[in-house]
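Quick notes on the structure that follows.
The values are calculated or read from the model by the stated rules, or taken from the named source; none is laboratory data. The shown structure was predicted, so the numbers you read here are calculated from the model rather than taken from an experiment. All Cβ positions, glycine included, derive from the backbone under ideal geometry; neighbour counts span all protein chains shown. Accessible surface is based on the protein model in full, side chains and every heavy atom, while ligands, DNA and RNA are left aside. Shrake-Rupley method; radii C 1.70, N 1.55, O 1.52, S 1.80 Å.
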Amino acid sequence: MDNVIGGVVNSAANDLPYPLISDSDPFYTEGRAEHTLEESFLIPWNDIGALRTLLENHGNKIAVLIMEVFNSNGGGASPRPGYLEAVQQLCKQYGVLLCFDEIITGFRTAIGGAQSIVGVTPDLTIFGKAIAGGMPLAAIAGRKDIFDLFRQNKVIGAGTFNAFPVSMAAGLATIRMLENGGLELYARRNNLQAKLESGLRKAAHAAGHDLVTLGLPGNFCTHFTAREPMWTSAEISANADAGKAMRFRQGLREQGVLQGLGSRWFVSFALTDEDVEATVDAAARAMERI
Ligand SMILES: Cc1ncc(COP(=O)(O)O)c(C=O)c1O
């Protein structure tokens, strides 16, 4: 949903919302076969009505629904209360597998991923990024009966870099460190993140800007707006001041602080109190000039 598989939401095509090729598609690339786009549907995240309509019309053609738990790539919005439970129920009703994309949130947000925070367990989950502390590794996990298909050789999962020993060792080491650090490790990081978020909000208000922070442990976004709550990427882009965000990012960069694209912040376990203070100071200076 939303930009997980690339393309932009075709809001005009209620009946066939497949990913569109358009100028506003950040993943636009030449040479993409049109029919591959028609093999998937792209619908807005956090809109249970859109999913219901899609499944009513095309549920029998859909194998799997892939979505983020929090919309990290769309501005950091949280799922509406009851949304994920309703998604799961609809998937069950239409025989569609539910796959959570925890590429950003897996292991970073909590050892059990974002799904452990919301309490909804999907049929499948995909992981990447933090799973191996920065080394290239991606993984898929899920229900035993689905994975039995690999064991029975009904489905092939071959690949040049499968089980690449260096990445596997990095993944194991990362997971052991996260497990051994336990809840304290996450609590310490979450505490620093809370300081960073409130420091950024205070710096903004002191310079006369409205700023909201949206996200979850380990990953949040800053938006120059007073509007709260915001539930969708469309709501965020309609309300947040993109020009200010761009100038803020540039002002931070000039002081050696790199903010992620899309106004994103990733809060690592290596962060210190001093890092947070230096970042908030840099943000305060940047806020004065935007
Ligand atoms: C939420 C999300 N899903 C999937 C991907 C793609 O993952 P990969 O680079 O492993 O294909 C990304 C970005 O890299 C992402 O941010």
Review point. Quick one: residue 108 ticks every box in (1) out of contact with any strand residue (DSSP E or B) (no Cβ under 7 Å at 6 or more places or on another chain); (2) open to solvent by 20 Å² or more (accessible area, probe 1.4 Å); (3) within 13 Å of the ligand (Cβ to nearest atom) bar one, so which box is it?
Key: (1)
Check your understanding: So, of the residues in segment 44-67 that are within 16 Å of the ligand (Cβ to nearest atom) and open to solvent by less than 10 Å² (accessible area, probe 1.4 Å), which turns out to be farthest from residue 212 (Cα to Cα)?
Key -> 67
Review point. Within segment 125-138, restricting attention to residues that are hydrophobic (A, V, I, L, M, F, W, C) and over 16 Å from the mean Cα position of the chain (by Cα), which residue is surrounded by the fewest Cβ atoms within 10 Å (Cβ to Cβ)?
Key: 135
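Which of the following residues is surrounded by fewer than 21 Cβ atoms within 10 Å (Cβ to Cβ), of a type in the set (Lys, Arg) and part of a loop (DSSP other than H, G, I, E, B): 289, 285?
On the way: 285 fails: part of a loop (DSSP other than H, G, I, E, B).
So the residue among 289, 285 that is surrounded by fewer than 21 Cβ atoms within 10 Å (Cβ to Cβ), of a type in the set (Lys, Arg) and part of a loop (DSSP other than H, G, I, E, B) is 289.
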**Study point:** Qualifying position, being at pLDDT 95 or above and either among the β-branched types (Val, Ile, Thr) or within 13 Å of the ligand (Cβ to nearest atom) (or both), among 100, 27
**Key:** 100
Exercise for review: Output the qualifying pairs, or none if there are none: Cβ atoms under 9 angstrom, residues six or more apart or on different chains, first residue in segment 112-131 and of a type in the set (S, T, N, Q), second residue within 14 Å of the ligand (Cβ to nearest atom) and open to solvent by 20 Å² or more (accessible area, probe 1.4 Å).
Suggested key: 121/115; 125/101; 125/115; 125/139; 125/140
Revision key, fill the gap. Considering segment 219-268, residues that are open to solvent by less than 40 Å² (accessible area, probe 1.4 Å) and in a loop (DSSP other than H, G, I, E, B), and then whichever is nearest to residue 104 (Cα to Cα), we arrive at 267
Review point. Is segment 141-153 home to any residue that is surrounded by 12 or more Cβ atoms within 10 Å (Cβ to Cβ), away from the ligand (no atom under 15 Å from the Cβ) and of a type in the set (Val, Ile, Thr)?
Key: yes
Point to revise | First in segment 98-110 and over 18 Å from residue 65 (Cβ atoms), second anywhere and among the hydroxyl-bearing types (Ser, Thr, Tyr) and modelled with pLDDT of 95 or more, Cβ under 6 Å, 6 or more apart | key: 110/116
Practice item. Look through segment 68-97, keep the residues that are assigned to a helix (DSSP H, G or I) and open to solvent by 40 Å² or more (accessible area, probe 1.4 Å), and return whichever of them is farthest from the ligand (Cβ to nearest atom). Key: 93
Review point. What is the residue count in segment 202-218 for residues that are closer than 13 Å to residue 290 by Cβ, part of a loop (DSSP other than H, G, I, E, B) and in contact (Cβ under 8 Å) with a residue 60 or more places away in the chain?
Key: 2
